[in-house]
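Asker: Pasting a structure below so you can have a look.
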Amino acid sequence: MKICKKCIMMDTRPRLQFDENGVCAACEWNEMKKEQIDWESRYKELQDLCAKIRGKQRYDCIVPVSGGKDSTYVADKMKNEFGLNVLTVTITPPLETQLIQENLKRFLDYGYDNIKITPNPKIAREINKFGFVEQGRPMLSWTSCLNSVMFRLAVDFKIPLIMFGEEGETEYGGLTEMRFVPYYDMDFAIKIYVEGNDPRSFVQKDYSEGEMSLWLFPSRQEIKEADFKVAHWSYYENWDPYVHYQFASKNYGMQIHQGRNTGTYTDFGQLDTPLYELHTYMMYLKFGFGRALQDACIDIRAGRLTREKAVDIVTKYDGEYPEENIPVFLDYYEMDKKEFDTVLDRHVNKDLFKKVDGIWRPTFTIA
Ligand SMILES: [Zn+2]
């Protein structure tokens, strides 16, 4: 296993490339952001786009929001700094937490229109279970409808811009094709967010197109006629989740967990659903890195954490078994513990882990 010389991201991360000095693409991008990217001209590009679309329709821009730090930040920018009439859109997460509901309500109270969409929870559960069992992706339904829902609303409501948060491939390491491109299309969304799959293949039962419509993209013809743009905020400003957290906390009273989140040392990210714990635990079993390592790499690149300190923290917290919520997961997937463990066993990378007293332990060390 290769580990980046600057951060500690591993080459098991899908699509991540390393340069000849053993530095990963996310760290390379981090340097480019400081020296090569002309942020002013990118900001100007967005100003020009907003000037063109502002006030020409009911809603100028869709911002997908959860009530979390990043989407709060982006929605605020689009409304207050760029003066657009923003429609915020929330997709109800599976096992939605009380905390995120309160944060969303608190955020909306500052003056935002919001549509909250709950894709059929029965189908959603079926897709999430399929994702967990077959692909080791326990929130497959939620992650796979995030783009299709926004595209659908842009078409139906004739909204010319969708502004997502970060482009994860560029920011955290993966494909580099979006580094200099402001907009993306349906083909990119399908490639990255559903790994090229047709969501109809995620379900056993023969649901109609109508029943599956929130997971399906509009037709090419519809998208062409609607002529909207889909962008990421991270193209226009240096992306830093911690800065967004400070902003959301100060200006919108965003609340966080008491104590750190399971599997990491931070307490402010991904508060939407306990399934995120399982999602990152599966990531750990499949690739050898979990939530703590992911957070630590962001903090190393932002200069908040040394690589050495990060190694200590990650060794301590990464891959923490989500003990407390196991009964919640069993109930949601309608499984017993034995079936659940069989799924973990199926997806674990046996080159990186061995089972000790019923729990998978790493055979590698990070250095
Ligand atoms: Zn790196």
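Asker: Counting only residues that are more than 20 Å from I53 (Cα to Cα) and of a type in the set (D, E), which one in region 218-254 is surrounded by the fewest Cβ atoms within 10 Å (Cβ to Cβ)?
Answerer: Residues of region 218-254 that are more than 20 Å from I53 (Cα to Cα), as a first pass: 218-221, 234, 237-254.
Cutting the leftovers down to of a type in the set (D, E) gives us 237, 240.
On the way: E237: 16, D240: 19.
Residue satisfying both the conditions and the ranking: E237.
Asker: Sticking with this one: At pLDDT 95 or above, under 29 Å from E134 (Cα atoms) and within 16 Å of the ligand (Cβ to nearest atom): which single residue out of L330, L344, L293 fits that description?
Answerer: After applying the criteria, what remains is L293.
Asker: Would you kindly identify the helices (runs of 4 or more DSSP H) lying entirely within region 31-150 that contain at least 1 residues that are polar (S, T, N, Q) and modelled with pLDDT of 95 or more?
Answerer: 39-53, 69-76, 121-130
Asker: Exactly one condition in (1) surrounded by 17 or more Cβ atoms within 10 Å (Cβ to Cβ); (2) within 25 Å of D312 (Cα to Cα); (3) over 19 Å from the mean Cα position of the chain (by Cα) is not met by M212; state its number.
Answerer: Result: M212 passes all but (2).
Asker: Criterion first (exposed (fewer than 12 other Cβ atoms within 10 Å of the Cβ), touching a residue at least 40 places away in the same chain (Cβ under 8 Å), within 16 Å of the ligand (Cβ to nearest atom) and not assigned by TED's automatic domain parsing to the domain that holds K309) does R58 satisfy it?
Answerer: In short, no.
Asker: Give the residues of region 151-173 that are modelled with pLDDT under 95, small (G, A, S) and on the phi < 0 side of the Ramachandran plot, sorted by residue number.
Answerer: G168
Asker: Okay, moving on. What number of residues within region 317-359 satisfy the criterion of being part of a strand (DSSP E or B) and either outside the structural domain of D295 (by TED's automatic domain parsing) or surrounded by fewer than 18 Cβ atoms within 10 Å (Cβ to Cβ) (or both)?
Answerer: 4
Asker: Another one. Say whether the condition of being free of Cβ contacts under 8 Å to residues at least 24 places away in the same chain, away from the ligand (no atom under 16 Å from the Cβ), more than 24 Å from Y284 (Cβ to Cβ) and out of contact with any Gly (no Cβ under 6 Å at 6 or more places or on another chain) is met by at least one residue in region 17-28.
Answerer: Within region 17-28, not a single residue is free of Cβ contacts under 8 Å to residues at least 24 places away in the same chain, away from the ligand (no atom under 16 Å from the Cβ), more than 24 Å from Y284 (Cβ to Cβ) and out of contact with any Gly (no Cβ under 6 Å at 6 or more places or on another chain).
Asker: Among (1) within 16 Å of the chain's Cα centre (by Cα); (2) touching a residue at least 24 places away in the same chain (Cβ under 8 Å), where does P160 come up short?
Answerer: (1)
Asker: Would you say E35 is within 14 Å of the ligand (Cβ to nearest atom) and free of Cβ contacts under 8 Å to residues at least 60 places away in the same chain?
Answerer: Judged against the criteria, E35 is not a match.
Asker: Also: If T12 satisfies every condition in (1) loosely packed, with under 14 Cβ neighbours inside 10 Å; (2) outside any helix (DSSP H, G or I); (3) more than 10 Å from the ligand (Cβ to nearest atom); (4) of a type outside the set (A, V, I, L, M) but one, which is the exception?
Answerer: Here T12 clears every test but (1).
The values are calculated or read from the model by the stated rules, or taken from the named source; none is laboratory data. Computed from a prediction, not measured in an experiment: that's the story for all the values here. Note: ideal-geometry Cβ built from the backbone for every residue, glycine included; neighbour counts use all protein chains shown.
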